[in-house]
Amino acid sequence: MSGMIRSHHGLTFELIMNKNRVFERCFLVALGLFAVMLSQAQPDSLRVKERKSSVPDKVYLLLYARLISDANQNYRFDENVVLNARLNSWLRVEVGIRQGERPQQFDSYYHYKFELQTKSFWKTVRFIGRVSNNVIKFPTPTYARSNYLLLAESRHPLSKKFSALAAWGYVFSFQRNGSLDGAPSWLGAQTNYPIFKLALRYIISERSHVQGVWGSYDVFNPYLLQSPFL
């Protein structure tokens, strides 16, 4: 089964002549300069397209669900969608949303984030800036929290199958008690603290791996240093 996509591009200029010869001359000069600039830019544009076509852009979609129990045997469940795409040769963007439920209330909380990731410098270290927001509808007290993260992640290969990751950063967090407003904000009670992550990854194949993580931030949320996760 095969298909073919056809595209047609058209551009029409209509010039209404009048007695204002100055306007006409200025328009023709500007049009000529544009044509010269376009003719000079075409070779570079073609070379850029050739370079980009040789390195395909990758888009990653992560779908997962979690079942979580705290020390008091309170359970919650959430679904997560994370999309990661290339913006240019220097930056990638990652956006995600999390919807959570509890046995007492179906729509209990939701989280979302917007994240910019630099390329890996020296194939070792990259920098990340993230804005995330948590809205807790149940249990009480309800609140909304905005988190602003800046961090650096460094990955080092240990062998053909194993690699290690170490990361350090800082969080600026603003909590608004009694609010369910999901928009990012700089208002409310402010808490600033450092964050870290240590990870060991085992590579199964080019598209799969197993990873153990100990740290104080995950895909969506930061945590205090006194309560890291494993």
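Every read-out reported here was derived from the displayed coordinates using simple, explicitly stated rules and does not represent laboratory data. Fair warning: this is a prediction, and the values are worked out from it, not measured in the lab. With ideal geometry, Cβ positions are generated from the backbone for all residues, glycine too; neighbour counts draw on all protein chains shown.
Per-structure values
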| quantity | calculated |
| --- | --- |
| Residue-count net charge about residue 66 - beta-carbon cut-off 12 Å; Lys, Arg +1, Asp, Glu -1 | -2 |
| Label point distance in nm, residue 59-residue 107, each placed 7 Å from Cα along Cα→Cβ | 2.8 nm |
| Positive minus negative residues near residue 119 (Lys, Arg vs Asp, Glu; Cβ under 10 Å) | +4 |
| Spin-label zone in the range 75-105 - amide nitrogen under 11 Å from a point set 7 Å from the Cα of residue 116 along the C-beta vector | 91-93 |
| Additional length obtainable on full extension of the chain from residue 180 to residue 225, 0.36 nm per residue less Cα span | 13.6 nm |
| Cβ crowding within 10 Å averaged over residues, with 154-162, 219-227 ranked highest first | 219-227, 154-162 |
| Per-peptide average of other Cβ atoms within 10 Å, ordering 114-120, 88-94 highest first | 114-120, 88-94 |
| Restraint check, 119/160; 123/160; 58/119; 137/197, Cα-Cα greater than 20 Å | 119/160; 137/197 |
| Positive-pole candidate from 106, 74, 132, dipole of the range 65-143, charges at beta carbon | 132 |
| Convex hull projection area averaged over all views, the range 80-230, Cα basis, nm² | 10.2 nm² |
| Alpha carbon convex hull of the range 58-150, volume per residue in cubic angstrom | 121 Å³ |
| Computed over the range 180-222, the ratio Rg/Rh where both radii use C-alpha atoms and Rh is Kirkwood | 1.18 |
